[in-house]
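Report on the following structure.
All of the numbers you see were taken from the coordinates with simple rules; none came from a lab. Keep in mind it's a predicted model, so treat the numbers as computed, not measured. For neighbour counting, all protein chains shown are included, and Cβ atoms are generated from backbone atoms with ideal geometry for every residue, glycine included.
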Amino acid sequence: MADTEIWKASNEWGWDDTNQTDLPVATTTLVDSQHDYSIPSTARKVERVEVQDINGNWSLVYPIDKTQFSEEAMSEFEETNGLPTYYDMVGNSIYLYPAPDETVSSTTSSLRLYASRDIVAFSTTVNATTMAISPGIDNHFHRYLSAGASYDWCLTKGLQKTPLLKQMVDEYAKDIKEFYGTRHTDFGTKFGVKDMTSI
């Protein structure tokens with residue numbers, strides 16, 4: 001899959017399917033004393049989490065994992081409500097430590113999540129409202145998709161062209177990784193934040 005190759009290669013410039021209509025940034029409201037917040041179902045990888053304090057200032061929330069706590073119960077960690085400083089990924093949720101305290105945490109669109117997300121599904125039928133009508137990768141690499149599909153078919157049928165197609169697919173994958181791995185972020189970009197349910 002081209003998107004998998006790109007995610008592996010993307011470093012400074014985060015890749016997102018060009019068929020998406022918004023940025024892969026989501027927000028939701030912090031709730032007083034609530035630790036657990038669901039992440040969007042389309043999120044593949046959480047890259048950054050931020051929270052907003054009562055004065056409107058944003059701060060970074062740092063990732064932790066329960067394996068780091070060999071001598072302390074998780075329920076005892078940061079048990080006094082305040083401005084969240086840490087988060088743990090549990091299933092499809094972000095678990096914040098400490099839980100928010102409404103006297104120090106903003107409660108309006110105050111949890112921000114940056115993520116890599118799924119591609120927009122590609123379809124041969126034209127339905128621009130729900131499906132992509134063109135692959136959401138750089139057009140120089142569109143043939144990677146047809147080569148990959150051809151390789152899969154030939155491999156299944158045991159055809160002689162299978163090794164040649166495998167070589168083509170591998171070369172495209174290498175080119176994709178090289179291209180997306182060397183892009184840089186040193187330019188201005190418009191920035192917007194969307195609702196967490198729409199990431």
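Listed highest first by mean packing, meaning other Cβ atoms within 10 Å per residue, what order do 54-64, 101-111 come in? Don't skip to the answer; put the middle values down first.
Details: 54-64: 12.3, 101-111: 16.7.
The most tightly packed comes first, giving 101-111, 54-64.
Taking the Kirkwood radius as the inverse of the mean 1/r across Cα pairs, report the Rg/Rh of segment 22-118.
Values: Rg = 13.0 Å, Rh = 13.6 Å.
Reported Rg/Rh, Kirkwood definition of Rh: 0.96.
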